[in-house]
1. Please verify whether G159 is assigned to a loop (DSSP other than H, G, I, E, B), at pLDDT 95 or above, out of contact with any His (no Cβ under 8 Å at 6 or more places or on another chain) and at positive phi, treating the condition exactly as stated.
2. Is there any pair with a first residue in the range 178-200 that is farther than 16 Å from K212 by Cα and a second that is among the β-branched types (V, I, T) and open to solvent by 30 Å² or more (accessible area, probe 1.4 Å) whose Cβ atoms are under 8 Å apart and which are 6 or more apart or on different chains, and what are they?
3. I'd like to know if the range 13-26 contains one or more residues that are within 16 Å of the ligand (Cβ to nearest atom) and open to solvent by less than 70 Å² (accessible area, probe 1.4 Å).
4. Name the one entry in K249, K217 that is away from the ligand (no atom under 11 Å from the Cβ), at pLDDT 95 or above and exposed (fewer than 15 other Cβ atoms within 10 Å of the Cβ).
5. Give the residues of the range 153-185 that are open to solvent by 60 Å² or more (accessible area, probe 1.4 Å) and more than 11 Å from the ligand (Cβ to nearest atom), sorted by residue number.
6. With respect to G261, is the statement that it is within 13 Å of the ligand (Cβ to nearest atom) and not hydroxyl-bearing (S, T, Y) true?
7. Residue under question is K102, and the condition is that it be in contact with a strand residue (DSSP E or B) (Cβ under 9 Å, 6 or more places away or on another chain) and farther than 23 Å from Q182 by Cβ; does it hold?
8. Kindly indicate whether D242 is over 14 Å from G145 (Cβ atoms) and either within 14 Å of the ligand (Cβ to nearest atom) or of a type in the set (G, A, S) (or both).
Amino acid sequence: MGKIIDGKVVAENIREGLVAEIRELKEKRGIVPKLSVVLVGDDPASQVYVGHKEKGCQAVGIISATIRKPASIKEDELVSVVKNLNADPTVHGILVQLPLPKGLDPIAVLNEIDPAKDVDGLHPMNMGRLLRGEKTPFVPCTPSGIIHLLLSTGERIEGKAAVVVGRSNIVGKPMALLLLQQHCTVTICHSRTANLAEVCRRGDILVASVGKPQIIKGDWVKEGAMVIDVGVNRVEGKLIGDVDFEAAKERASYITPVPGGVGPMTITMLLKNTLKAAKGL
Ligand code: NAP
């Protein structure tokens, strides 16, 4: 039976280090990191995520400011909000909460964020650096948190076959690139993948970021695989992952729960990126 990777514990260890670094930055250079989150519309899940980000910032000593705008905002007005934040020297990190309401093009807005303040790592400059294998301070938070989780087990992941289900810009694609950087042999799956179950069964590492409750069945998991469940699905008031946890746990060597696996790491990586931005790294 697989061991549970406790994201809360791994995240807490990293946050302790961040608290010390943030204190030192204030003492030595008089800088207090600040994150500005732009929240457009009233999507309930986004409200919850932004609330978690605000709390996370407060807990480690980062100033957080959320700018709320109505769903009716025009794209050029939203771009102006971003440009003002770019120009504000007290703001170190900028995050535009996704998804944006219909009619607003996320790409057009994200492209305007100053790459040096792009703590979500979604600007083409930062994604391009990741693709080219160059050093970039800002890697998307969820996949970089997952690499921490995998390495926290003490297992060597180099050379392993990694299967990523999902090809979103925010999780699947950067995940695949980070696993490649770790010298895994990577397969990316999506909605048109033929024989998904069979492909999943090849993964020594299996990352699911689909957004469909328990789409990954227990018998899709290779014996001894490390299973990372990114999915957050609300079913009858409960949060359910993309993996059938109880069945998959029987075959996995390690597995993340939902909640309490990937989620806490995503926010922790955001805090880490904001600190990097404040340091000017
Ligand atoms: P997304 O943008 O909705 O993309 C979903 C991906 O899954 C797409 O690539 C899609 O393929 C693929 N897919 C859909 N149905 C499939 C099927 N039947 N078989 C195989 N692949 C299929 O997803 P996302 O933004 O990566 O989010 C995925 C889930 O992770 C959501 O539940 C989200 O809430 C959660 N999430 C959690 C965190 C966290 O911190 N815990 C962070 C981000 C996201 P196509 O490209 O072919 O359409």
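The values are calculated or read from the model by the stated rules, or taken from the named source; none is laboratory data. Quantities reported herein were computed from a predicted structural model and do not represent experimental measurements. Please note: Cβ atoms are built from the backbone with ideal geometry, for glycine as well, and neighbour counts cover all protein chains shown. Protein only, heavy atoms only, side chains kept; ligands, DNA and RNA dropped before computing areas. Shrake-Rupley method; radii C 1.70, N 1.55, O 1.52, S 1.80 Å.
1. Considered against the rule, which asks whether it is assigned to a loop (DSSP other than H, G, I, E, B), at pLDDT 95 or above, out of contact with any His (no Cβ under 8 Å at 6 or more places or on another chain) and at positive phi, G159 comes out as no.
2. Within 8 Å, the pairs are L179/V186; L180/V186; V199/T187; V199/T193.
3. First, pick out the residues of the range 13-26 that are within 16 Å of the ligand (Cβ to nearest atom): 14-15.
Now narrow it down to the ones that are open to solvent by less than 70 Å² (accessible area, probe 1.4 Å): 14-15.
Within the range 13-26, one or more residues are within 16 Å of the ligand (Cβ to nearest atom) and open to solvent by less than 70 Å² (accessible area, probe 1.4 Å).
4. Values: K249 fails: exposed (fewer than 15 other Cβ atoms within 10 Å of the Cβ).
Just one listed residue meets the conditions, K217.
5. G154, E155, R156, E158, L180, Q181, H183, T185
6. Values: within 13 Å of the ligand (Cβ to nearest atom): yes; not hydroxyl-bearing (S, T, Y): yes.
Yes: the conditions hold for G261.
7. no
8. Here the answer is yes, as D242 does meet what is asked.
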